[in-house]
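Since the structure comes first, as structure tokens, the remarks are kept for the end.
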Number of protein chains: 2
Amino acid sequence: MTRIARTLGLAFVTLATLAASSVTLAQADWLSHWNDGPAKQAIIKFVQTTTDPKNRQFVPPEQRIATFDQDGTLWVEHPIYTQVLYCLDRVPAVVKQKPELASVEPFKTVLSGDREAIARLSMDDLLKIVAATLTGMTLEQFQTEVESWLATARDPRWKQPYTELTYLPMQELLKYLRANGYRTYIVTGGGQDFVRVYSQQVYGIPPEQVVGSAGATKYGYDKSGKPILIKEPKLLLNDDHAGKPEGIQLMIGRRPYAAVGNSIGDRQMLEYTHAGDGLRLAMIVLHDDPKREYSYGPARGLPDTKLGTFTQALYDEAEKNGWIVISMKGDWKQIFSFEQ
Amino acid sequence: MTRIARTLGLAFVTLATLAASSVTLAQADWLSHWNDGPAKQAIIKFVQTTTDPKNRQFVPPEQRIATFDQDGTLWVEHPIYTQVLYCLDRVPAVVKQKPELASVEPFKTVLSGDREAIARLSMDDLLKIVAATLTGMTLEQFQTEVESWLATARDPRWKQPYTELTYLPMQELLKYLRANGYRTYIVTGGGQDFVRVYSQQVYGIPPEQVVGSAGATKYGYDKSGKPILIKEPKLLLNDDHAGKPEGIQLMIGRRPYAAVGNSIGDRQMLEYTHAGDGLRLAMIVLHDDPKREYSYGPARGLPDTKLGTFTQALYDEAEKNGWIVISMKGDWKQIFSFEQ
């Protein structure tokens, strides 16, 4: 053994020791805004088991996939999805470009500002608004419009940008999983192109790891002959319910080892994840904290709001299958990072 | 400075020196089966420029995406696509399960083994065969069938498994790009599920980085209640021509910095890539080597075979736009890794 080799050997041992102790220290801190309890314990057990090469439930790094619903799981969905707010807010700009829409429903109602009438709009009406505000422009135009809206819009309750309404404990979970070799994906019923605009900045999740309801784009050329992609009013993937595992197969091609959701639209994703071999983690967020966030069910006797998609059927299935229920009230020390 | 710190310091310097010299050595070797020429020079210039933080055309690692067509670009496509051979070979097994098909066209012709009659089958006939052999089973069954076929099927000319018919210089290019932080994707008109079965083993490309023509899957349950995905005869993405940039947007959500193809079906992907800001690399493989592989055009006066999708229009556009033409005959020292 040469002197350099000995020196290197010593250095490696020392580095390994330093690395090991910093990992231990870091492990303890990853979920610092989670209370000790079954949810936190289940997460840590899952990560330690599946990343331990000596454990027979070890998962090779390339297979470490974790999928997260967005609305109600990573950020606030109540009382109305953020993307729907975006669409409603975009209506005046769309009408400015097409003035003939001003006297046509449902645009007339949206322009009236009558909140009760807007709340009564049918699903068909909402789809017309979605088509008018999310399609017909180039992808770049759409991205610019979303960025500009996110920079200025504020939610009425917390007076924060919507991108601040993410749950701090879930941000910790995303980072903890990534630090252990898991690739974190968003699998949302919301618009794939919409979420991709801010996913890296808000969640540290790159656009290629966002699976969502996806419309077609049409390849063409602008006046100068430059290639463009135009957003079309044609749905390719309705990424909700059975569409979630189908979308995961289409876009990722691997079954996740961990999945987190909060509504009946996540049921199939959780089932599909949990049914795989070895140790899997399936979790649902229960909105049972009316003081710090919202309280809605109807499972577990929580109020059945219009949005209420956390149904008793989902809760029953969670209990039957051993999915972990995350209580916002009981499991989370703090909900938002701006609450300091 | 403590003794350990000094030791560590020395070790780091030594490690850094070792690492730097091995990188330099490796750089020179990455494309060792390419002849020196405009193609090799363009590749090296592209990689060195876009990975140099001091260069104004530097590309941040997260944006380093390179997309590769498969058939005719990464492996042999002549005289018939490998996946079509798979479908034809699967017909007897399908007929065994559904004996009524034995007397129905086009299955009757395929079973006859009459090569000339099979070669005359119409596109409609081929689509019937594709639907019968690629859909109607669970995803796992399909994957098992493809794996088993790949393990035993041999091409008639080289007597090799089809997975050995990849171009060694392109394998080098994939590795060279990955070593420089590029994520390599396959963007193929072929079936996404088919290519994903072998992409990791054959190209070092994981399933989530395969974009291809994609059929729907249907989520359901087997007899024991376990979730399954059934492959459906419904096309979600026709990943050819304009479908390539559209598929890239759907599945990746970023414009590539490098794209390599060989046929008119790759034109839009190359255009879209090349039209982005900064330095981009667009290349097409010219099959001009009848001795070591095949020769077909019709561009540049090469024979216009039935398959011939390397058209003069594509070649004209390449010349106009400054896309790099890779001559198999002139640019590649060796075509296959089994030729030693």
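The values are calculated or read from the model by the stated rules, or taken from the named source; none is laboratory data. Computed from a predicted model, the values in this text were never measured in an experiment. As a convention, Cβ positions derive from the backbone with ideal geometry for all residues, glycine included, and neighbour counts pool all protein chains shown. For accessibility, only protein heavy atoms count, side chains too; no ligands or nucleic acids. Shrake-Rupley method; radii C 1.70, N 1.55, O 1.52, S 1.80 Å.
Data for the structure
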read-out	value
Qualifying residue in segment A:51-67 (condition: within 30 Å of A:Leu281 (Cβ to Cβ), β-branched (Val, Ile, Thr) and out of contact with any Ser or Thr (no Cβ under 9 Å at 6 or more places or on another chain))	yes
B:Leu150 being of a type in the set (A, V, I, L, M, F, W, C) and under 26 Å from B:Leu229 (Cβ atoms)	yes
Among (1) at the interface with chain A (Cβ under 8 Å from one of its Cβ atoms); (2) closer than 23 Å to A:Phe194 by Cα; (3) without any contact (Cβ under 8 Å) to a residue 60 or more places away in the chain; (4) not basic (Lys, Arg), the one test that B:Ile252 misses	(3)
Subset tally (residues that are at the interface with another protein chain (Cβ under 9 Å from one of its Cβ atoms) and within 25 Å of A:Phe194 (Cα to Cα)) for segment B:228-239	2
Exclusive hit being surrounded by 14 or more Cβ atoms within 10 Å (Cβ to Cβ) and free of Cβ contacts under 8 Å to residues at least 24 places away in the same chain, set A:Pro161, A:Pro156	A:Pro161
The listed residue being within 14 Å of chain B (Cβ to nearest Cβ), farther than 23 Å from B:Ile252 by Cα and among the aliphatic types (A, V, I, L, M), out of A:Ala242, A:Ala299, A:Ala259, A:Ala275	A:Ala275
Single residue of B:Arg196, B:Arg183 found to be of a type in the set (Lys, Arg), within 21 Å of B:Ala132 (Cβ to Cβ) and crowded, with 16+ Cβ neighbours inside 10 Å	B:Arg196
Residues satisfying the stated conditions in segment A:41-78, i.e. under 19 Å from the mean Cα position of the chain (by Cα) and in a helix (DSSP H, G or I)	A:Ile43
Restricting segment B:278-296 to residues that are basic (Lys, Arg) and more than 14 Å from chain A (Cβ to nearest Cβ), the residue that is surrounded by the most Cβ atoms within 10 Å (Cβ to Cβ)	B:Arg292
In segment B:128-141, residue nearest to the other protein chains (Cβ to nearest Cβ) [restricted to those that are under 19 Å from A:Ala275 (Cα atoms) and part of a helix (DSSP H, G or I)]	B:Leu139
Enumeration of residues in segment A:13-47 that are hydrophobic (A, V, I, L, M, F, W, C), closer than 23 Å to A:Ile326 by Cα and either open to solvent by 60 Å² or more (accessible area, probe 1.4 Å) or modelled with pLDDT under 95 (or both)	A:Ala26, A:Ala28, A:Trp30
Residue in segment A:209-227 that is part of a helix (DSSP H, G or I) and either under 19 Å from B:Arg255 (Cβ atoms) or within 9 Å of another protein chain (Cβ to nearest Cβ) (or both) present	yes
B:Thr109 vs. criteria in a helix (DSSP H, G or I) and closer than 26 Å to B:Lys234 by Cβ	yes
3 or more residues under 23 Å from B:Lys244 (Cα atoms): qualifying helices (runs of 4 or more DSSP H) within segment B:260-340	B:267-274, B:312-321
Residues being over 18 Å from B:Asn262 (Cβ atoms) and in a helix (DSSP H, G or I) - total across segment B:158-198	12
Members of segment A:252-275 found to be open to solvent by 10 Å² or more (accessible area, probe 1.4 Å) and not acidic (Asp, Glu), listed by number	A:Gly253, A:Arg254, A:Arg255, A:Tyr257, A:Ser263, A:Ile264, A:Arg267, A:Gln268, A:Tyr272, A:His274, A:Ala275
Residue in segment B:208-231 that is farther than 24 Å from A:Gln268 by Cα, surrounded by 18 or more Cβ atoms within 10 Å (Cβ to Cβ) and touching a Pro at 6+ places or on another chain (Cβ under 9 Å) present	no
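Okay, residues lined up against (1) open to solvent by less than 60 Å² (accessible area, probe 1.4 Å); (2) free of Cβ contacts under 8 Å to residues at least 60 places away in the same chain:
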{"residue": "B:Asp89", "(1), (2)": "no, no"}
{"residue": "B:Glu100", "(1), (2)": "no, yes"}
{"residue": "B:Arg115", "(1), (2)": "no, yes"}
{"residue": "B:Asp124", "(1), (2)": "no, yes"}
{"residue": "B:Lys128", "(1), (2)": "no, yes"}
{"residue": "B:Thr138", "(1), (2)": "yes, no"}
{"residue": "B:Gln141", "(1), (2)": "no, yes"}
{"residue": "B:Glu145", "(1), (2)": "yes, yes"}
